[in-house]
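A short write-up of the structure that comes next.
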Amino acid sequence: MDKFIHVIFDAHSFIRWLVLTFAVISVFKFAWGWLRGGGFKSVDRVLTILLAALIDLQAALGLTYFLWTGFNRDSFPRFRFEHGASMFLALVCIHIPVFWKNADDKIRFRNNLFFIFASIIFILFGISRLPGGLTR
């Protein structure tokens, strides 16, 4: 089972870079859409869904790792709770824009931009709580 948890950990560590990459791309895409006043197209919707799906996958992997190693080692260090709480807030932020799916395109771009940016802040803070931070 040690190999299983190493695969989970490695996947969780790798996917964070995908999440951050798509989040930064989304920030630029939605800022551009908001400032130029374009229409909210299917590519924008797919980008939002993809980012939310990646963060959901990341949360599932992280929770699996947290519980598996915590119960098997009788150890739940504080930094893991801080990391998990911050990541949960990022997860919530990334799902909030769905409430504006019927809003005007400009509002959708703006809300997606702000909540994805907030999610990035929570993600970076959560990663910083881990030993080694972003360099890990």
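Observations
- Beta carbons closer than 7 Å, at least 6 apart along the sequence or on distinct chains, never pair a first residue in segment 84-108 that is on the phi > 0 side of the Ramachandran plot and without any contact (Cβ under 8 Å) to a residue 12 or more places away in the chain with a second that is acidic (D, E) and assigned to a helix (DSSP H, G or I).
- Residues being touching a residue at least 24 places away in the same chain (Cβ under 8 Å) and of a type outside the set (V, I, T) - total across segment 6-44: 19
- Just one residue in the set A11, A23 is closer than 30 Å to N102 by Cα and within 21 Å of the chain's Cα centre (by Cα); that residue is A23.
- Restricting K29, K41 to residues that are buried (at least 16 other Cβ atoms within 10 Å of the Cβ), at negative phi and among the charged types (D, E, K, R) narrows the list to K29.
- Candidate set from segment 54-95 (those that are surrounded by 14 or more Cβ atoms within 10 Å (Cβ to Cβ) and of a type in the set (D, E, K, R)); member that is modelled with the highest pLDDT: E82
- From the options A118, A90, residue that is under 16 Å from the mean Cα position of the chain (by Cα), closer than 18 Å to W32 by Cα and not hydroxyl-bearing (S, T, Y): A118
- Total residues in segment 14-26 satisfying the condition of being over 12 Å from I116 (Cβ atoms) and surrounded by 14 or more Cβ atoms within 10 Å (Cβ to Cβ): the figure is 3.
- Only one entry in A118, A103 is out of contact with any Pro (no Cβ under 8 Å at 6 or more places or on another chain), modelled with pLDDT of 95 or more, surrounded by 14 or more Cβ atoms within 10 Å (Cβ to Cβ) and aliphatic (A, V, I, L, M), namely A118.
The values are calculated or read from the model by the stated rules, or taken from the named source; none is laboratory data. It should be emphasised that the depicted structure is a prediction, and the values quoted were computed from it without experimental measurement. With ideal geometry, Cβ positions are generated from the backbone for all residues, glycine too; neighbour counts draw on all protein chains shown.
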